[in-house]
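**Q** Okay, handing you the structure first.
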Amino acid sequence: MKTLFRLILLPFLCVGWMASSGMAEPETIGVVQTVSGQSSLIRGERPIAVHSGLKLQENDILETGADGALGIVLRDDTLLSIGPDSRFVLDRFAFSPAEEKLGFAARLSRGTVMVVSGQIAKMAPESVQIETPRALLGIRGTRFAAKVNE
Amino acid sequence: MNHDASMSTKWLWILGWLGMMAMMACGPKAQFLLLPNSDGTVGKIVVQNSGGTRVVDQAYHETHVDDPTLAPSEPRRMSPSEIQETFGDVLRISVRPPEHFILYFREGTAELTTESKDLVPRILQTIRERRSNDISVVGHADTKGSAEVNFRISKQRAEMVAGMLQAAGVDPTSLDVTSHGERNLLIPTADDVSEPRNRRVEVTVR
């Protein structure tokens with residue numbers, strides 16, 4: 001009975017998801033400024049080659065190869081440098097001061113990153129967090145570098 | 001039996017040594033380095049895991065984690081050569097900070113002040129020179145009058161500036177135009193206050 005119920009429900013859920021994902025254009029949260037060497041963007045299933053001027057969205061995953069390097073500017077003036085052999089995930093980004101929606105959460109799974117924090121870290125320092133497999137990093141308006149060897 | 005045990009102990013030692021060598025070769029599992037800001041000030045990072053929390057608040061100091069059940073290490077100053085070795089690649093990547101411009105308006109209108117009109121060519125030059133395709137145009141109003149009217153005016157201001165940039169050849173897909181009405185004041189005031197510095201459009205070129 002339960003299974004049957006799920007089977008009936010499934011198509012509706014799919015339609016609902018399609019409708020909601022088709023409604024609003026995903027918001028741009030930043031832009032790639034510099035690219036060198038090999039790097040790719042994973043958005044959904046398929047990897048895309050990264051080029052300068054590429055606009056980024058929430059949940060984007062950036063990967064660099066052994067010679068790869070990326071320079072990124074986020075909408076709140078955060079500057080990100082992603083070094084070689086890295087994987088960096090832009091989990092969440094909200095910068096709407098007028099609606100008091102502020103937050104930035106990202107993940108460094110491997111490699112190196114340098115961050116110059118932006119306006120979100122100034123206005124709501126507690127809401128900025130970078131996760132690594134072995135520790136969580138909080139930022140209080142600052143410039144720092146992190147490296148993860150897994 | 002005894003022989004077997006000593007053999008396996010020997011292997012354990014060898015494996016242990018190999019493991020140590022490997023760890024020394026690629027450094028700690030996760031390392032965090034605080035750097036001074038471009039204006040010379042120094043902020044703070046807070047590194048936390050199930051073992052505890054560590055605050056780094058001195059420039060060029062690092063903390064690291066090997067075992068996630070143990071607190072991050074005591075902050076320690078890294079030498080310039082050590083920093084180069086660990087973070088040299090990522091520190092060499094240059095990212096230009098965005099440029100910000102503020103255009104001001106006459107009271108209750110979407111009409112630029114004379115000084116702000118003169119700023120427009122500089123904005124266009126910056127867009128071209130940086131070959132920017134990500135430009136934010138955000139309209140604002142002061143608190144004089146009703147919130148609805150102010151929202152409308154701030155929208156008209158942003159659209160006016162976006163229109164000017166487009167007319168000068170900026171690709172409309174590069175422009176992100178929004179309006180905040182009287183909710184995002186540059187100079188905090190009470191309600192119903194005419195404040196020229198709040199009647200503005202902020203343009204950010206990335």
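The values are calculated or read from the model by the stated rules, or taken from the named source; none is laboratory data. Note that this is a predicted model, so its numbers are computed, not measured. All Cβ positions, even for glycine, are placed from backbone atoms using ideal geometry, and neighbour counts span all protein chains on display.
**Q** Applying the selection to the range A:85-101, what residues are surrounded by fewer than 21 Cβ atoms within 10 Å (Cβ to Cβ), farther than 18 Å from B:H180 by Cβ and in contact with a Lys or Arg (Cβ under 8 Å, 6 or more places away or on another chain)?
**A** The answer is A:D85, A:R87, A:V89, A:D91.
**Q** A:T142: touching a Leu at 6+ places or on another chain (Cβ under 7 Å), within 10 Å of another protein chain (Cβ to nearest Cβ), among the polar types (S, T, N, Q) and surrounded by 21 or more Cβ atoms within 10 Å (Cβ to Cβ), yes or no?
**A** The answer is yes for A:T142.
**Q** Determine which single condition A:V148 fails, assuming it passes every other condition in (1) buried (at least 23 other Cβ atoms within 10 Å of the Cβ); (2) touching a Phe, Trp or Tyr at 6+ places or on another chain (Cβ under 9 Å); (3) under 22 Å from B:Q31 (Cβ atoms); (4) not charged (D, E, K, R).
**A** Among (1) buried (at least 23 other Cβ atoms within 10 Å of the Cβ); (2) touching a Phe, Trp or Tyr at 6+ places or on another chain (Cβ under 9 Å); (3) under 22 Å from B:Q31 (Cβ atoms); (4) not charged (D, E, K, R), A:V148 violates only (2).
**Q** Here's a follow-up. Within the range A:24-79, which residues are assigned to a loop (DSSP other than H, G, I, E, B) and free of Cβ contacts under 8 Å to residues at least 24 places away in the same chain?
**A** A:A24, A:E25, A:G44, A:E45, A:V50, A:H51, A:S52, A:G53, A:L54 - these are the residues of the range A:24-79 that are assigned to a loop (DSSP other than H, G, I, E, B) and free of Cβ contacts under 8 Å to residues at least 24 places away in the same chain.
**Q** A further question follows. Write out, first by first residue and then by second, each pair whose Cβ atoms fall under 7 Å of each other, whose residues are 6+ apart or on separate chains, and whose first residue, in the range B:26-51, is within 7 Å of chain A (Cβ to nearest Cβ) while the second is surrounded by 19 or more Cβ atoms within 10 Å (Cβ to Cβ) and of a type in the set (D, E).
**A** Close Cβ pairs satisfying both conditions: B:Q31/B:E62; B:F32/B:E62; B:L33/B:E62.
**Q** Return the residues of the range B:125-140 that are away from chain A (no Cβ under 13 Å) and surrounded by fewer than 16 Cβ atoms within 10 Å (Cβ to Cβ); say none if nothing qualifies.
**A** Answer for the range B:125-140, where residues must be away from chain A (no Cβ under 13 Å) and surrounded by fewer than 16 Cβ atoms within 10 Å (Cβ to Cβ): B:Q125, B:R128, B:E129.
Yes/no matrix, rows are residues, columns are (1) at the interface with chain B (Cβ under 10 Å from one of its Cβ atoms); (2) out of contact with any His (no Cβ under 9 Å at 6 or more places or on another chain); (3) over 23 Å from B:H140 (Cβ atoms):
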| residue | (1), (2), (3) |
| --- | --- |
| A:I72 | yes, yes, yes |
| A:V89 | no, yes, yes |
| A:F93 | no, yes, no |
| A:P97 | yes, no, no |
| A:L102 | no, yes, no |
| A:I120 | no, yes, no |
| A:V148 | yes, yes, yes |
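**Q** Quick one: would you say A:D91 is part of a loop (DSSP other than H, G, I, E, B) and more than 24 Å from B:R96 (Cβ to Cβ)?
**A** no
**Q** Also, quick follow-up: Looking at the range B:161-193 only, could you name the residues that are modelled with pLDDT under 95, among the small types (G, A, S) and part of a loop (DSSP other than H, G, I, E, B)?
**A** Answer for the range B:161-193, where residues must be modelled with pLDDT under 95, among the small types (G, A, S) and part of a loop (DSSP other than H, G, I, E, B): just B:G181.
**Q** Only strands (runs of 3 or more DSSP E) wholly contained in the range B:14-133 count here; list those with 2 or more residues that are over 30 Å from B:K155 (Cβ atoms).
**A** Here the list reads B:30-35, B:44-49, B:52-56, B:61-65.
**Q** Applying the selection to the range B:85-113, what residues are of a type in the set (D, E, K, R) and within 14 Å of chain A (Cβ to nearest Cβ)?
**A** Listed by number, the residues that qualify are B:E85, B:D89, B:R92, B:R96, B:E99.
**Q** Here is a follow-up. Looking at (1) out of contact with any strand residue (DSSP E or B) (no Cβ under 6 Å at 6 or more places or on another chain); (2) at the interface with chain B (Cβ under 8 Å from one of its Cβ atoms); (3) closer than 21 Å to B:D39 by Cα, can you tell me which one A:V113 breaks?
**A** The one condition A:V113 does not meet is (1).
**Q** Could I ask something else about it? Within the range A:118-127, can one find any residue that is under 23 Å from B:D66 (Cα atoms), β-branched (V, I, T) and either assigned to a strand (DSSP E or B) or touching a residue at least 24 places away in the same chain (Cβ under 8 Å) (or both)?
**A** No, because not a single residue in the range A:118-127 is under 23 Å from B:D66 (Cα atoms), β-branched (V, I, T) and either assigned to a strand (DSSP E or B) or touching a residue at least 24 places away in the same chain (Cβ under 8 Å) (or both).
**Q** Here is a further query. Among the residues that make up the range B:186-195, is at least one of them more than 27 Å from the chain's Cα centre (by Cα) and closer than 17 Å to B:L103 by Cβ?
**A** Yes, some residue in the range B:186-195 is more than 27 Å from the chain's Cα centre (by Cα) and closer than 17 Å to B:L103 by Cβ.
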